[in-house]
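I have placed the structure first, in the form of structure tokens, so that the comments after it can refer back to it.
The values are calculated or read from the model by the stated rules, or taken from the named source; none is laboratory data. In this text, all values refer to a predicted model and were calculated from it rather than measured experimentally. Cβ atoms come from the backbone with ideal geometry, glycine included; neighbour counts cover every protein chain shown.
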Amino acid sequence: MSPVYLDNNATTRTDPAVVQAMLPFFSEHFGNASSTHVFGEKVGEALRAARKQLQALLGAAYDHEIIFTSGGTESDNAALLSALEGQEGRDEIVTTKVEHQAILAVVAHLEKTRGIKVHQIGVDRQGRLDMDAYAAALGPRTALASVMWANNETGTLFPVNELAQMAHAAGALFHSDAVQAVGKVPMDLKSMEIDMLSLSGHKLHGPKGIGALYVKKGVKFKPLIRGGHQERGRRGGTENVPGIIGLGAAAELALAHLEEESTRVKALRDRLEQGVLQQIPHTLLNGEPGNRLPNTANIAFEYLDGEAVLTHLNRAGIATSTGSACTSGSTEPSHVLRAMDLPATALHGAIRFSLSRENSGEDVDRVLEVLPDIITKLRDMSPAWKNRQGEPASSHA
Ligand SMILES: *Cc1c(COP(=O)(O)O)cnc(C)c1O
């Protein structure tokens, strides 16, 4: 039996149709888009078409609002640094405690090296942003508020347009790391107040090492990478042409599949979740149940170590994650679950199942077949589980 892949928030398989679209742009159409001869013109046209495919997926008003980058991390870096340049008197950033490392590591660095004041807003037990604290943190010194569209560990969705309106009322810019949301939830950026938005190819069945930053028309942008005048002078360097073509193709496929697949994937996710919660005692669903990405299920198994569950699932041919791939391997509990103030009994025991349009009902069946036994076996060996049985049952809702 081939292994089941349920770690699509870490990366997705590049769609074979995407690979087919990319292939001619290695050796056949190899020109430099900046060249004014037939080899370059051909590539320039293809890049314009890819930009339009991405524009359509985002519901952006103009294709030139899209800057191609090397991925989500570069887009996040570029957005944060741009906002701090050229906004006289504004040197503070408002963000959250549950962002991806691509935001958190940058703001920590800015705080340390430039004395930038960073407000990291907390979340409640279901992962919802503390709106009062967010409102209170915005002020005349805020350069940028940056809040992810969807959390990569729990799938919880944030009210980004409302948050953007609040940032604008304080005269600040608003950025969203939408790496997990693009291609999974419908978007219409032309009717929203978001100024900048990050996305990544490999999270939506496109290639790795390519992404984009959306910058709304009229928003001042200072490049992170200076060089040639590619991307209208906003991102120097000869374009990653096969990557951009692949991202465009992936965007077109995502848009074509969005409605039908998000419904189908959500039904699979819900069946997986309900099966696990019903069959296995002392399990907690992490995230706001009715307000999440359709593909993500984050479940904590109390009194267990998520790493052990992951290892056993992997041996049974099921690939999952304990949270963010970037922090796996460490024994520190997830910063997201910590911010959600999970009970100590559950903090170390979370597993993230993340599905995609490539998953089937059989994949869910496999999990429901093997997981209850894995949990029972691990709990039989767990001192924490045994000790719990001596405690009053009331403390284990
Ligand atoms: C994966 C991810 C990133 C990083 O994107 P890369 O293209 O891998 O650099 C940033 N933010 C979130 C929320 C992600 O899930």
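Odds and ends about this structure:
- Which listed residue, of Val94, Val98, is within 20 Å of the chain's Cα centre (by Cα), under 16 Å from Lys117 (Cβ atoms) and touching a residue at least 60 places away in the same chain (Cβ under 8 Å): Val94
- Selected residue (criterion: nearest to the ligand (Cβ to nearest atom)) from residues of the stretch 191-211 that are hydroxyl-bearing (Ser, Thr, Tyr) and within 24 Å of Asn295 (Cα to Cα): Ser200
- Exactly one residue out of Met187, Met148 is of a type in the set (A, V, I, L, M, F, W, C) and in contact with a Ser or Thr (Cβ under 9 Å, 6 or more places away or on another chain), and it is Met148.
- Test for Thr322: is it in contact with a Leu (Cβ under 8 Å, 6 or more places away or on another chain), closer than 21 Å to Thr376 by Cβ and polar (S, T, N, Q): yes
- Entry remark, the stretch 72-100: residues being touching a Ser or Thr at 6+ places or on another chain (Cβ under 7 Å) and over 27 Å from Ser191 (Cβ atoms) number 1 in total.
- Listed by position, the helices (runs of 4 or more DSSP H) contained in the stretch 332-397 that have at least 3 residues being farther than 22 Å from Thr156 by Cα, at pLDDT 95 or above and assigned by TED's automatic domain parsing to the domain that holds Val309 are 361-380.
One line per residue, one yes/no per condition, for (1) under 19 Å from Leu47 (Cα atoms); (2) without any contact (Cβ under 8 Å) to a residue 24 or more places away in the chain:
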{"position": "Leu173", "(1), (2)": "no, no"}
{"position": "Met187", "(1), (2)": "no, no"}
{"position": "Asp195", "(1), (2)": "no, no"}
{"position": "Gly201", "(1), (2)": "yes, no"}
{"position": "Lys222", "(1), (2)": "no, no"}
{"position": "Ala256", "(1), (2)": "no, yes"}
{"position": "Ser262", "(1), (2)": "no, no"}
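- Matching helices (runs of 4 or more DSSP H) fully within the stretch 24-129 where at least 3 residues are within 15 Å of the ligand (Cβ to nearest atom): 72-84, 101-114
- Unmet criterion (only one of (1) touching a Phe, Trp or Tyr at 6+ places or on another chain (Cβ under 9 Å); (2) in contact (Cβ under 8 Å) with a residue 60 or more places away in the chain; (3) within 16 Å of the ligand (Cβ to nearest atom)) for Thr154: (1)
- Selection within the stretch 1-23 - in contact with a helix residue (DSSP H, G or I) (Cβ under 7 Å, 6 or more places away or on another chain) and part of a helix (DSSP H, G or I): Ala17, Val18, Ala21, Met22
- Qualifying residue in the stretch 299-308 (condition: aromatic (Phe, Trp, Tyr), within 16 Å of the ligand (Cβ to nearest atom) and either over 18 Å from the mean Cα position of the chain (by Cα) or under 15 Å from Asn9 (Cα atoms) (or both)): no
- Among the residues of the stretch 148-172, the ones that are crowded, with 24+ Cβ neighbours inside 10 Å, of a type in the set (A, V, I, L, M, F, W, C) and assigned to a strand (DSSP E or B) come to 1 in all.
- Selection over the stretch 271-285 of residues that are crowded, with 17+ Cβ neighbours inside 10 Å and more than 26 Å from the chain's Cα centre (by Cα) gives a count of 2.
Quick grid of which residues meet (1) farther than 23 Å from Arg234 by Cα; (2) crowded, with 24+ Cβ neighbours inside 10 Å; (3) near the ligand (Cβ under 8 Å from one of its atoms):
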site: Ser146; (1), (2), (3): no, yes, no
site: Val185; (1), (2), (3): yes, no, no
site: Leu189; (1), (2), (3): no, no, no
site: Leu213; (1), (2), (3): no, yes, no
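- Filter result (farther than 22 Å from Arg292 by Cα, surrounded by fewer than 17 Cβ atoms within 10 Å (Cβ to Cβ) and either touching a Gly at 6+ places or on another chain (Cβ under 6 Å) or touching a residue at least 24 places away in the same chain (Cβ under 8 Å) (or both)) within the stretch 119-140: Ala135, Gly139, Pro140
- Candidate set from the stretch 311-324 (those that are under 21 Å from the mean Cα position of the chain (by Cα) and surrounded by 22 or more Cβ atoms within 10 Å (Cβ to Cβ)); member that is farthest from Lys203 (Cα to Cα): Thr322
- Residue count for the stretch 247-258 under the criterion of being within 19 Å of the chain's Cα centre (by Cα) and closer than 17 Å to Phe25 by Cα: the result is 3.
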